[in-house]
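I have placed the structure first, in the form of C-alpha cells, so that the comments after it can refer back to it.
The values are calculated or read from the model by the stated rules, or taken from the named source; none is laboratory data. As the structure is a computational prediction, the values presented were derived from the model and not from experiment. Methodologically, a virtual Cβ is constructed for each residue, glycine included, from the backbone with ideal geometry; neighbour enumeration extends over all protein chains shown. Side chains included, ligands, DNA and RNA excluded: accessible areas come from the protein's heavy atoms. Shrake-Rupley method; radii C 1.70, N 1.55, O 1.52, S 1.80 Å.
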Amino acid sequence: MMTKQDAKKGVSEQPILIDQPDFISPPTKPRYPRLAQRKGIEGTATYEIWLDETGQQIKRTLVSSSGANMLDAAALDAIKKWKFTPRKVNGISMAHRVQIPIRFKLD
C-alpha cells in the first residue's frame with residue numbers, strides 16, 4: 001500500500017516518466033509556420049513536460065530540436081495550451097513527466 005510520503009517521491013528532482021499522457025480534452029495541433037512550409041522545412045521537436053499532481057504543467061524542456069527554431073517554437077506554443085489529467089497511482093495523485101514528439105511533415 002502507498003502512503004502519502006510515497007506519492008511525494010514523484011515531486012523530487014525527477015518525477016516519474018510516463019509513456020502515454022492523458023488529456024482533459026484532445027490536444028490542439030501545432031500551427032505549421034507558413035515560412036517553414038514555403039521553405040519545405042520538416043522536423044520533429046521533442047519536449048519533456050513536467051506535471052504536478054493536479055496535472056498542471058510546471059516545466060517544459062526541449063529534449064531534441066526539430067532543427068528549426070520556428071518549428072520548435074510552434075510546438076511549444078501548442079503544448080502550452082494542452083490540459084492534462086492528474087496521474088493517479090493506487091488512488092493517489094502523483095507528479096509525473098512525459099516526453100512528447102511533435103512532428104512537422106509536409107504532405
Among the residues of the stretch 24-71, which ones are in contact (Cβ under 8 Å) with a residue 60 or more places away in the chain and of a type in the set (S, T, Y)?
Y32, T44
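Identify, please: which residue in the stretch 28-51 is in a loop (DSSP other than H, G, I, E, B) and out of contact with any Lys or Arg (no Cβ under 7 Å at 6 or more places or on another chain) and is, among those, least open to solvent (accessible area, probe 1.4 Å)?
Just the residues of the stretch 28-51 that are in a loop (DSSP other than H, G, I, E, B), to begin with: 28-33, 40-42.
So of that shortlist, the ones also out of contact with any Lys or Arg (no Cβ under 7 Å at 6 or more places or on another chain) come out as 29-33, 40-41.
Working: K29: 178, P30: 38, R31: 176, Y32: 39, P33: 21, G40: 42, I41: 43 Å².
Here the residue is P33.
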Just one of (1) within 10 Å of the chain's Cα centre (by Cα); (2) more than 12 Å from P15 (Cβ to Cβ); (3) open to solvent by less than 60 Å² (accessible area, probe 1.4 Å); (4) free of Cβ contacts under 8 Å to residues at least 60 places away in the same chain trips up A74, so point out which.
(1)
Of those in the stretch 71-99 that are charged (D, E, K, R), out of contact with any Lys or Arg (no Cβ under 9 Å at 6 or more places or on another chain) and part of a strand (DSSP E or B), the residue nearest to Q37 (Cα to Cα) is R87
Quick one: count up the residues across the stretch 77-107 that are open to solvent by 60 Å² or more (accessible area, probe 1.4 Å) and at pLDDT 95 or above.
8
